[in-house]
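All remarks here apply to the structure that follows.
The values are calculated or read from the model by the stated rules, or taken from the named source; none is laboratory data. Predicted model only: the values in this text are computed from it and were never measured. A quick note on method: Cβ atoms are made from the backbone with ideal geometry, for glycine too, and the neighbour counts reach across all protein chains shown.
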Amino acid sequence: MLGSWFHAAGYQQVQQVLTAIEVSAGMEAHLCFVLQAEIFVRQIRPFLLAQGVVTEDAFEQLCTQVEGEVQQDTFCGLCFLFSVLGQKPGAGNAAPL
């Protein structure tokens, strides 16, 4: 939908770009990924508990498991980022969303 929104806003030469960042153990982005995962867990916890899709005990067990797995030397992962670029008529630069 992002590409459609860019077109609707008057952008031209709209490009959609998919990027993969390796977040495996030992890679430059690994520590940042681990920190972002910890932040996400804290943010999503109240929502999941309020929706009743998981119990507090089950959520804590899952968090402990995930923390252990992402910190192992054998952890492998990719983080995918989706960007849309476009150029507004009369503007000289592409504008990322």
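Matching residues to (1) surrounded by fewer than 12 Cβ atoms within 10 Å (Cβ to Cβ); (2) at pLDDT 95 or above; (3) among the aromatic types (Phe, Trp, Tyr):
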residue: ALA25; (1), (2), (3): no, yes, no
residue: GLU28; (1), (2), (3): yes, yes, no
residue: GLN36; (1), (2), (3): no, no, no
residue: ILE39; (1), (2), (3): yes, no, no
residue: THR64; (1), (2), (3): yes, no, no
residue: GLU67; (1), (2), (3): no, no, no
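Regarding THR64, is this residue under 16 Å from the mean Cα position of the chain (by Cα) and not acidic (Asp, Glu)? Taking the combined requirement at face value, the residue does not satisfy it.
Give me the pairs: first residue in the range 8-27 and within 30 Å of GLU69 (Cβ to Cβ), second residue in a loop (DSSP other than H, G, I, E, B) and charged (D, E, K, R), beta-carbon distance under 8 Å, and six or more apart or on different chains, which are they? What qualifies is ALA25/ASP73; GLY26/ASP73. Across the range 15-35, the number of residues qualifying as more than 13 Å from the chain's Cα centre (by Cα) and within 17 Å of LEU81 (Cβ to Cβ) comes to 7.
To keep it simple, each residue is scored yes or no on (1) more than 26 Å from MET1 (Cβ to Cβ); (2) in contact (Cβ under 8 Å) with a residue 40 or more places away in the chain; (3) of a type outside the set (Lys, Arg).
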{"position": "GLN36", "(1), (2), (3)": "no, no, yes"}
{"position": "PRO46", "(1), (2), (3)": "yes, no, yes"}
{"position": "GLY52", "(1), (2), (3)": "yes, no, yes"}
{"position": "GLU60", "(1), (2), (3)": "yes, no, yes"}
{"position": "GLN65", "(1), (2), (3)": "yes, no, yes"}
{"position": "GLY68", "(1), (2), (3)": "yes, no, yes"}
{"position": "THR74", "(1), (2), (3)": "yes, yes, yes"}
{"position": "LEU81", "(1), (2), (3)": "no, yes, yes"}
{"position": "GLY90", "(1), (2), (3)": "no, no, yes"}
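All of PHE80, PHE6 fail the test of being of a type in the set (Phe, Trp, Tyr), exposed (fewer than 10 other Cβ atoms within 10 Å of the Cβ) and out of contact with any Asp or Glu (no Cβ under 7 Å at 6 or more places or on another chain), apart from PHE80.
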